[in-house]
Amino acid sequence: MKRIYLVLVWTIMVSGAVQAQYAAFVNSGKITFERKVNTFAAMQIFLKETKQVPEDQLATAIQRYRSTAPQFWTDSFELYFDKTHSLYQPGNPDIEFSKTFAIPVAYKNKVFSNFETKEVQTVKQAFEKSFFIKDSIKNIRWKLTDETREIAGYQCHRANALFFDSIYVVAFYTDEILTKGGPESFNGLPGMILGIAIPHQHITIFAKTVTGMDTAPAQWKLPEQGKSTLVNNKEFNATTAKLLKQFGLTSAWVQFFMDL
């Protein structure tokens, strides 16, 4: 009986050590995210806000769109991370915007975050213009909850926030990866964000795979200014608002998607 007890104790200790090793191991790696936009819902918001279709013809236009276009605009993004940095970029460097949804913004976002200096460098494409954005990391006021769910094999905790003081965002983070980053510019939780849902904008960004591996900024192709226009976030928002107006696309939905 004593022998069985000792074996059980040893098994529990080994199991705990393996789990602790696994949690400690994921200090660097690669996460593959899938970003999905429900275009059926987003197109209705877009057409209402831009008034490109008369209100009495809106239902017909939406029905026509639903019969010819896919419901979801789906893209794949990769996030490389170590303890204090992350790089988020398209899985396919030659990615193009959705031809059916026809909103050429936020499809080539590349975001490098330095959590030590609290600085972020971003390259964004909007219509035919490319922007290089240097600014401080966004300060998001999260409210933690008791809800949990599994994402990509990791137990994640839910947190809620208001982005730009008005957009409701749900995040799921894991404390098995301690880097306080996430997809796009989302950050600031006690671990890596593996899931983002923006219900009213009909946008989700969820991890599909997590791979632990040695990786560091020295190995990454970081955002470069090149011929891109250098701005900060405030200047980017003002410039893109003018662009939207120029193209007759004064839509709060598009502006938010652009500012992710």
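The values are calculated or read from the model by the stated rules, or taken from the named source; none is laboratory data. Since the structure is predicted, the reported quantities are computational estimates derived from the model, not experimental observations. Quick reminder, even Gly has a Cβ in these numbers, built from the backbone with ideal geometry, and neighbours come from all protein chains shown.
Quick look at the numbers
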quantity: Selection from the range 235-248 of residues that are in contact with a strand residue (DSSP E or B) (Cβ under 9 Å, 6 or more places away or on another chain) and in contact (Cβ under 8 Å) with a residue 60 or more places away in the chain; calculated: PHE236, THR239, THR240, LEU243
quantity: Filter result for the condition that a residue is at pLDDT 95 or above, over 21 Å from THR74 (Cα atoms), over 17 Å from the mean Cα position of the chain (by Cα) and not in a helix (DSSP H, G or I), over LEU230, LEU144; calculated: LEU144
quantity: Those residues of the range 176-190 which are crowded, with 19+ Cβ neighbours inside 10 Å and more than 24 Å from ILE133 (Cβ to Cβ), in sequence order; calculated: GLU176, ILE177
quantity: Residues satisfying the stated conditions in the range 61-84, i.e. buried (at least 19 other Cβ atoms within 10 Å of the Cβ), over 30 Å from GLU176 (Cβ atoms) and hydroxyl-bearing (Ser, Thr, Tyr); calculated: none
quantity: Qualifying residue in the range 68-84 (condition: at pLDDT 90 or above, out of contact with any Asp or Glu (no Cβ under 7 Å at 6 or more places or on another chain) and assigned to a helix (DSSP H, G or I)); calculated: yes
quantity: Residue pairs meeting the criteria (Cβ under 6 Å; at least 6 apart or on separate chains; first touching a residue at least 60 places away in the same chain (Cβ under 8 Å), in the range 123-142; second part of a strand (DSSP E or B) and surrounded by fewer than 19 Cβ atoms within 10 Å (Cβ to Cβ)); calculated: PHE131/THR229; PHE132/LEU230; LYS134/GLN121
quantity: Some residue of the range 96-108 being without any contact (Cβ under 8 Å) to a residue 24 or more places away in the chain, assigned to a strand (DSSP E or B) and of a type in the set (Asp, Glu); calculated: no
quantity: Candidates LYS134, LYS129, LYS143 - the one that is basic (Lys, Arg) and within 27 Å of ALA218 (Cβ to Cβ); calculated: LYS134
quantity: Single match in TYR173, TYR168 (criterion: surrounded by 17 or more Cβ atoms within 10 Å (Cβ to Cβ), in contact with a strand residue (DSSP E or B) (Cβ under 9 Å, 6 or more places away or on another chain) and among the aromatic types (Phe, Trp, Tyr)); calculated: TYR173
quantity: Breaking point among (1) surrounded by fewer than 17 Cβ atoms within 10 Å (Cβ to Cβ); (2) at pLDDT below 95; (3) basic (Lys, Arg), for LYS118; calculated: (2)
quantity: Of the criteria (1) more than 13 Å from the chain's Cα centre (by Cα); (2) without any contact (Cβ under 8 Å) to a residue 40 or more places away in the chain, which one PRO90 fails; calculated: (1)
quantity: Residue in the range 93-107 that is touching a helix residue (DSSP H, G or I) at 6+ places or on another chain (Cβ under 7 Å), more than 27 Å from ALA152 (Cα to Cα) and at pLDDT 90 or above present; calculated: no
